[in-house]
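Any read-out appearing in this document is the output of simple, stated calculations on the displayed coordinates, not a laboratory observation. None of these values were measured; they are calculated from a predicted model. Here the Cβ is made from the backbone with ideal geometry for all residues, glycine too, and neighbour counts use every protein chain on show.
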Amino acid sequence: MTAPVKVLITAGALLALAALAAACGTQRINVASPSPLHEGAALFNQRCSGCHTLSYAAANGSASNVRSGQFNNGPNFNVRCERPVDRVLYAIANGGFSGQIMPQNIVVGQQAADVAKFVATYAGRQAPKVPGAIQCDQQPVGTITTSQSSSSGGATATTRTALTPGQGGIPGATTPAIGANKKKKK
Ligand code: HEC
């Protein structure tokens, strides 16, 4: 390789690096202000970005590589659809859906509602297209129902409302009588 070619390649690589660095440095919240959605994005950036990725809130906390990921890295909301909004509010109050890893009630009350609306509106915009599945932006964002918002009150919340079939219970499920599943003795 001749010297001028080497210089050109090095210069090109440096330019590419500079462009990358600039892109990182300029990432910021990408939701018009003032609006409750911007409020939600700002809160997401402060409270959720350590564990979740969502470009509209300049958040990069999800694991970028399964090998280097940590157990508490949360889902990447650039690609994961989170509709309707009630689902997000439930996850905030419950600590994700399993309630095992993500802390509960990181935001409560109106702040939780703002964050939930922001996530439901902006998550899933880079979701891969799956044939036959409804695209995220075609699914309704929905509205926050009162039973959910009362349980998101954190310390001031009163008793939690019991799950009704529509909220994830199993419709028509009954508790089997004790011993019903025991194998018959031979
Ligand atoms: C300490 C890390 C951490 C923080 C902080 C955190 N999360 Fe999570 N989150 C997780 C993990 C891990 C999961 C997956 C939990 C599971 O499967 O049990 C999760 C799951 C979720 C889910 C359910 C996603 C799905 O489709 O399964 C939602 C919604 C969510 N988080 C929203 C939020 C919001 C909003 C905030 C900020 C208010 C937040 N998270 C802060 C770690 C975190």
request  = Any chance you could run the full-extension gain for Gln135 through Asn60? It's 0.36 nm times the residue separation minus the Cα-Cα distance, nm to one decimal.
outcome  = 24.7 nm
key: Cα-projected label distance for Lys6 with Thr143, points at 7 Å along beta-carbon direction, nm   = 7.0 nm
